[in-house]
Amino acid sequence: MVQPSVVQPSLAQSSVVQPSALKNENLPLEVVADVVEEITDVFTTAVGTRILLDEDAVVLRDLALKYDSGAALERHEALALMRLAQRVRPWGPVITQKIRDWESSDS
């Protein structure tokens, strides 16, 4: 009998945020830190390809400074992070759906 393989969840997956926490609330700082770390890991492991642009560095810097000051992540900032993630995984179903959901609820 073949045993199913065990897949370790990524940092972003291990910090599950319920959708209701994203409607009118700020995300906990621990979740922000996990997401930023996961995105940074993905971007820095891309070999030979420049995935991040100068304006992306501004987004990541500002979110890191916000985290350092103790402020919580707001929806538009979560959307900016999700758009960065979409560059790495353009057809990711969760990424695509969250972007759609957040854009439609913000308009």
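Just to be sure I understand the filter: pairs with C-beta atoms under 8 Å, separated by 6 or more residues or on different chains, first member in the range 80-92 and farther than 13 Å from VAL35 by Cα and touching a residue at least 40 places away in the same chain (Cβ under 8 Å), second member of a type in the set (Phe, Trp, Tyr) and buried (at least 16 other Cβ atoms within 10 Å of the Cβ). Which pairs pass? Listed pairs, sorted by first residue: VAL88/PHE43. Of the numbered criteria (1) part of a loop (DSSP other than H, G, I, E, B); (2) surrounded by fewer than 14 Cβ atoms within 10 Å (Cβ to Cβ), the one LEU52 fails is (2). Scanning the range 81-102 for residues that are in a helix (DSSP H, G or I), out of contact with any Asp or Glu (no Cβ under 9 Å at 6 or more places or on another chain) and surrounded by 12 or more Cβ atoms within 10 Å (Cβ to Cβ) yields LEU81, MET82, ARG83, GLN86, VAL88, VAL94, ILE95, THR96, LYS98, ILE99, ASP101, TRP102. Filtering ARG75, ARG100, ARG50 for residues that are at pLDDT 90 or above and not β-branched (Val, Ile, Thr) leaves a single hit, ARG100.
The values are calculated or read from the model by the stated rules, or taken from the named source; none is laboratory data. Since the model is a prediction, treat every value here as computed from it, not as a measurement. Note that we place each Cβ from the backbone using ideal geometry, even for glycine, and neighbour counts take in every protein chain shown.
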